[in-house]
Amino acid sequence: MDMTELDAVVEAAPGRIAEAADLAALEELETELVGRRSLLSSLRRSLGSLEAEQRPIAGAALNDAHQAMSALIDVRRAALDLEAENALLEDDRVDVTVPGARPPRGTHHLLTQTMDDVCDIFRAIGYQVATGPEIETAWYNFDALNTPPTHPSRFESDTMYVEPFDGEERSGPDELLLRTQTSPMQARYMEKHDPPVHVVVPGRVFRTDTWDATHAPVFHQIEGLAVDHDITISDLKGTLAHFAREFFGPEAKTRFIPHFFPFTEPSAEMHVWFRGGWLELLGCGVVDPNVFEAVGYDPAEVSGFAFGMGVERLAMVRHGIADIRHFYENDLRVLRQFT
Amino acid sequence: MKVPLNWLSDFIDLPTRDPEVLDEILGSLGHEVEGWETLRPTFEGVVVGKVEEVGAHPNADKVRFCRVNDGTSTLDVVCGAWNFEAGAVIAYATVGARLGTDDAEPFEISAREIRGVMSNGMICSARELGLGDDHEGILVLDELGLAGDADVGRDFSELLPFDDVVLDVSITPNRPDCMSIHGVARELAAYWQIPITLPDVDVAPEGPPTDARVEILDPEANPRFTGMEVDGVAMGPAPLWMQFRLLSVGQRPISNVVDVSNYVMLEMGHPIHTYDQDTISDGRLAIRRAEDGERLTTLDGVERTLVAGDILVTDPSGPIGLAGVMGGSTTEVSETTTRVLVEAAHWDPPSIMRTSHRLGLRSEASARFERGVDPNLSHLATQRTARLIVETAGGVVRPGLIDEYPTHIDPWAVDITARDVSRLLGPEPTLEDSDGLLRRLGFEVAGTPDGLRVTVPTHRPDVTRPADLVEEIARLHGYENFPDHVRRGENGALTPAQAKERSVRRILVGAGLAEAQTLSFVGQADLDLLRLPDGDARRIGIRVINPLREEEGTMRTTILPGLLKAVAYNTARGTSDVALFEVGRVFIPAADSTDIRIPHQPVKVACAAVGMFGADGLDIHGRPTDVHTVTGILEMLTAALGRTMTLSAAELPALHPGRAAEVSIDGKPCGIVGELHPAVARDFGLEGRVAVAEIDLEPLIADQPDWSFDDVSAYPPARFDLAFVVDASTPAAAVLEAARAADVGGVLESVDMFDEFTGGSLGDDQKSIAVRLVLRAFDRTLTDEEVGPLRTVIIESVVAATGAALRGG
């Protein structure tokens, strides 16, 4: 078998393969070098005509030549593949700074977020969340909360009353009104649950207020109540100071100054030091024994604390919002600032 | 309440005048200082001068020519006032003096020529020195007893306590005893444990006893009436020091007798009324309740119609005063009064509150009476008033303190045990500490076997129970001295319904809607805008009895009007693509199922959208909002919560007749969805298609007993599309349902519609609905041989149910 011609082909192969300009040219060359009609293939077919002892030697030489050329072709092919892909990617280049395809962005209302935040702070220390009706009876809104029948908060200048829904006139404790506070849930909750009670109550409340920067006829409160056999004023202070640190940050300082509410005794107002000044944040106190009596708890056996905070005020203080009307205009330019 | 420190110093030696410290201390006692004002003279360069000569001005009739000694020299001054003569000691603004230094532009005194005569400075009136309104004449200091010859040349600002700090203290409604300078001083004395000086109430009665008589006909309305006669008074202005004090607390000086009553009220906290005793018929007063329809002209000149329950002061001629609220016009003191009857009475607080609120006559006096004035202060306040009237208006106190006090109100005892204190306050303060704290407040304390017996003075009507004493102990101990302890509960988990309600909100927010909070009210006009027919249940809302605005007159029966107004608010401000939702209560005039005393107040989920909705970018701007925008949102919401929603097309009020549906969730009707009727949209100020939905929250958050895992197949799906030609009126849902109903041995994974086509070769009353089906078996790869017959089964099911023809089939 004359290998001279093949040797020349093999010798020339690396240069030719390297020069193949594209995949088509490489494919053509591959056919020529190692394809069925290639010199190599024809020599392989003629192997059978060799002497038995020469066959393995010649076969090995042919295999070597095949492998050498195939390997070079594969390398070149990989290089050309990469080039082709790179060219495609280059063609595919875009300006990534143009506006992306944004999914529509919804937002939670800041009041909902604030209520969820407050509830979650208390949930993390084991308080349940409860909600209650917005049209209430005077009993739950006032009487059960130790508010005397002549208390000015009951006047129409403070409280909105509603007509009976069934045509039946009501008076005194049965009168229907728009709850002026979330506190009526104190009584409703205690009627349904035995102590210990640890609960927060977010919700909507109503007052006969004219719209201005800090007043609205509708606003939101969060009530809190803890009742057990061993609760003292220290629990009240510690729990609310904890809340203030969670809500305003670990540096938040609080102070409690004595105040007056019909349904707590002693009562206090909690102030928080925020942005350089003391801010009145919420009212609180030790539950008045009359409240326990109204719901059938024994005030000699249990004690507790209660608090109530304005959600709008919390949000206004935390986010520097000056006008309460922003919450109810639902301007998307405002809503989208707080997701 | 305004508390000037100079006035406070009448009662206690203030250890500090630093307002920040006082703020801290009063705050710790429960009397929040809302602010303070520093008072300074409003003038500079005013000295005490003496008028040496007064003469006519050579060229003017209305002014006079004076020579004024300023202590070093005597100068020419022209003066327009006539209430003085030579020898008067006056306030003299020298050349260069500045008046009104609290104004933006103070007035500087210069030497100037007045009608040919040089005037070197000015003789000042009270008003020019910021001492009240009086500018009828100049201040004659020697007549007022403020200065004499020896003071000539002194700086005028030294004569009166001009430098003062006035605290604005907020008094809580349970503490009427602190609505006075004396009361605030009493609290501070308890805090600092320092002595307190009581106001001087000594009087020196002279002459014949008074002939004034009082009869209490209703002791419940008027538990105590005290009075005293001062005869021979000369009405006029109050002394400058008193006017000065009244001005410093914002009270306008009126006359000596009236100013004294106000002064005593502010000082002692007991409102005072004064009568011109000569106008009281027969000098006899009687106290009774009014009858409905009685009339009285109050001293503001308004005729008032009274109702039963109002408390009246009467004389034999009829009603002469509305007790505790406002006096009558016929018996008030006037310029000509010479005989004054002072009244300090104790009135039934709730009655005063009802009357003053009903008539809108809320005053400093009624504010004190309705909270509760100490009945055992009345006689002292009467004497203090009589004494000060004599001091400021002359006259003599006539013997005979009128004191009708049918049932004496005595201090009461409250027992408190060590446990009462410790169970609310903890181990500190101890019972012994508490004893000391209560004594500081002026309570009498005696020991009992297990605690203390505390006798509460009558100026503390708020203290009647152990809890009230605990508050006093805590307050004086100092809230800041109790340690902090975080109180933990047992379980802060949300209930499943609460968690799902949060999910509802989160899913809608994730879908790209913004949450709104709209008012809980609707006005009739809003319901008219929705064009709800008369019989529509949403027309019948629960009325608010005392709304401030008509649009807040009814509790909402639907969230949609509020939400649509919020959408319109945005579009009116240039935001054209708006998608809002709200989760909130509506109010139904039917009894609540769990509490029949109150109406049903279910929570609804509503949404409203206009403009484009969806992804937004360079070449994508969502799709125009239409009914499908909102049905799609509801489908996503219900599917995410594991519910099944079905829609059934319906013509509904407010909605587009051809683009609205009733919504059912898990087979239960629960709301509506659709596009607004274009006319309704227009009325709300909205352009283009407006899509809305309003459904009950309840089915979305209800318990799901069967919410278990569905295993997923490991085998590949077989997908194919079918197009059916159906009658134009056939709902797509019918085609989809029929496909789902086909019996294919449980291998139908999904059916979804991907195209709708009309026109072309189809008849006018036909449409083509194209659906994509996915079949997949759990246990094997479906072969083409298996799929072929199943495809036929599905086609047959759709054809049978809807009369469809397979397109291209």
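The values are calculated or read from the model by the stated rules, or taken from the named source; none is laboratory data. What you are looking at is a predicted structure, and each value in this text was computed from that prediction instead of being measured. As a convention, Cβ positions derive from the backbone with ideal geometry for all residues, glycine included, and neighbour counts pool all protein chains shown.
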Just wondering, is there one or more residues in the stretch B:648-659 that are surrounded by 22 or more Cβ atoms within 10 Å (Cβ to Cβ), assigned to a strand (DSSP E or B), modelled with pLDDT of 95 or more and in contact with a strand residue (DSSP E or B) (Cβ under 7 Å, 6 or more places away or on another chain)? yes
Do we have A:V197 as aliphatic (A, V, I, L, M) and under 19 Å from A:E301 (Cβ atoms) here? yes
So B:G674 ticks every box in (1) within 14 Å of chain A (Cβ to nearest Cβ); (2) in contact (Cβ under 8 Å) with a residue 12 or more places away in the chain; (3) not aliphatic (A, V, I, L, M) but one. Which box is left unticked? (1)
Just need a number here: residues in the stretch B:357-395 that are buried (at least 20 other Cβ atoms within 10 Å of the Cβ), over 22 Å from B:R252 (Cα atoms) and within 14 Å of another protein chain (Cβ to nearest Cβ). 3
Residue check: is A:T137 farther than 30 Å from A:R325 by Cβ, at the interface with chain B (Cβ under 9 Å from one of its Cβ atoms) and at pLDDT 95 or above? yes
Name the helices (runs of 4 or more DSSP H) wholly within the stretch A:215-321 that hold at least 1 residues that are over 27 Å from the mean Cα position of the chain (by Cα), more than 10 Å from every other protein chain (Cβ to nearest Cβ) and surrounded by fewer than 21 Cβ atoms within 10 Å (Cβ to Cβ)? A:289-295
Given the options A:R102, A:R93, A:R76, name the one that is among the charged types (D, E, K, R), farther than 30 Å from A:T159 by Cβ and surrounded by 18 or more Cβ atoms within 10 Å (Cβ to Cβ). A:R76
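Quick check on this structure: which one of B:D300, B:D292 is part of a loop (DSSP other than H, G, I, E, B) and closer than 27 Å to B:T336 by Cβ?
So the residue among B:D300, B:D292 that is part of a loop (DSSP other than H, G, I, E, B) and closer than 27 Å to B:T336 by Cβ is B:D300.
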Let me spell it out: the conditions are (1) more than 8 Å from chain A (Cβ to nearest Cβ); (2) outside any loop (DSSP other than H, G, I, E, B), and B:V463 meets all of them except one. Which number is the exception? (2)
How many residues does the stretch B:25-52 contain that are more than 30 Å from B:D103 (Cα to Cα) and surrounded by fewer than 15 Cβ atoms within 10 Å (Cβ to Cβ)? 1
Subset of the stretch A:153-168 [at the interface with chain B (Cβ under 8 Å from one of its Cβ atoms) and either among the charged types (D, E, K, R) or surrounded by fewer than 16 Cβ atoms within 10 Å (Cβ to Cβ) (or both)]: A:F155, A:E156, A:S157, A:E163, A:D166
Are any residues in the stretch B:492-540 at positive phi and either free of Cβ contacts under 8 Å to residues at least 60 places away in the same chain or touching a strand residue (DSSP E or B) at 6+ places or on another chain (Cβ under 9 Å) (or both), and if so, which ones? B:G512
The residue from B:I280, B:I287 that alone is surrounded by fewer than 24 Cβ atoms within 10 Å (Cβ to Cβ) and at pLDDT 95 or above is B:I287
Only residues that are among the basic types (K, R) and outside any strand (DSSP E or B): list them for the stretch A:187-214, please. A:R188, A:K192, A:R207
Restrict the check to the stretch A:257-269 and report whether at least one residue is β-branched (V, I, T), within 28 Å of B:L22 (Cα to Cα) and free of Cβ contacts under 8 Å to residues at least 24 places away in the same chain. yes
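Whether any residue in the stretch B:264-272 is part of a helix (DSSP H, G or I), charged (D, E, K, R), at pLDDT 95 or above and surrounded by fewer than 24 Cβ atoms within 10 Å (Cβ to Cβ) is what I want to check.
Looking for residues that are part of a helix (DSSP H, G or I), charged (D, E, K, R), at pLDDT 95 or above and surrounded by fewer than 24 Cβ atoms within 10 Å (Cβ to Cβ), one finds at least one in the stretch B:264-272, hence yes.
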If you go through A:P217, A:P164, A:P250, A:P173, the only one that is free of Cβ contacts under 8 Å to residues at least 40 places away in the same chain and touching a helix residue (DSSP H, G or I) at 6+ places or on another chain (Cβ under 7 Å) is A:P173
Count, please, the residues in the stretch B:1-58 that happen to be in a loop (DSSP other than H, G, I, E, B), away from chain A (no Cβ under 14 Å) and farther than 16 Å from B:I194 by Cβ. 6
Does at least one position in the stretch A:72-90 carry a residue that is polar (S, T, N, Q) and modelled with pLDDT under 90? no
Of residues in the stretch B:724-771 being surrounded by 14 or more Cβ atoms within 10 Å (Cβ to Cβ) and in a loop (DSSP other than H, G, I, E, B), the one nearest to the chain's Cα centre (by Cα): B:P731
Name every residue in the stretch B:447-484 that is farther than 30 Å from B:W192 by Cβ and either out of contact with any strand residue (DSSP E or B) (no Cβ under 9 Å at 6 or more places or on another chain) or of a type in the set (S, T, N, Q) (or both), in order of residue number. B:P449
Looking at B:T495, B:T518 in this structure, which one is surrounded by fewer than 22 Cβ atoms within 10 Å (Cβ to Cβ) and either at pLDDT 95 or above or under 21 Å from B:A702 (Cα atoms) (or both)? B:T495
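Picking from B:E85, B:E113, B:E105, which residue would you name as being within 38 Å of the chain's Cα centre (by Cα) and of a type in the set (D, E, K, R)?
On the way: B:E85 fails: within 38 Å of the chain's Cα centre (by Cα); B:E113 fails: within 38 Å of the chain's Cα centre (by Cα).
Criteria check complete, one pass: B:E105.
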Restricting to the stretch B:430-456, give me the number of residues that are in contact (Cβ under 8 Å) with a residue 60 or more places away in the chain and away from every other protein chain (no Cβ under 14 Å). 2
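Just a yes or no: is a residue in the stretch B:472-491 farther than 28 Å from A:F256 by Cα, in contact (Cβ under 8 Å) with a residue 60 or more places away in the chain and in a helix (DSSP H, G or I)?
no
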Just for the stretch B:59-106: of the residues that are touching a Ser or Thr at 6+ places or on another chain (Cβ under 9 Å) and assigned to a loop (DSSP other than H, G, I, E, B), which one is nearest to B:G137 (Cα to Cα)? B:A81
Counting residues that are more than 27 Å from the chain's Cα centre (by Cα), surrounded by fewer than 17 Cβ atoms within 10 Å (Cβ to Cβ) and within 11 Å of chain A (Cβ to nearest Cβ), which strands (runs of 3 or more DSSP E) fully inside the stretch B:526-613 reach at least 1? B:588-591
Please find, among A:D81, A:D117, the residue that is touching a residue at least 12 places away in the same chain (Cβ under 8 Å), within 25 Å of A:F307 (Cα to Cα) and either charged (D, E, K, R) or more than 11 Å from chain B (Cβ to nearest Cβ) (or both). A:D117
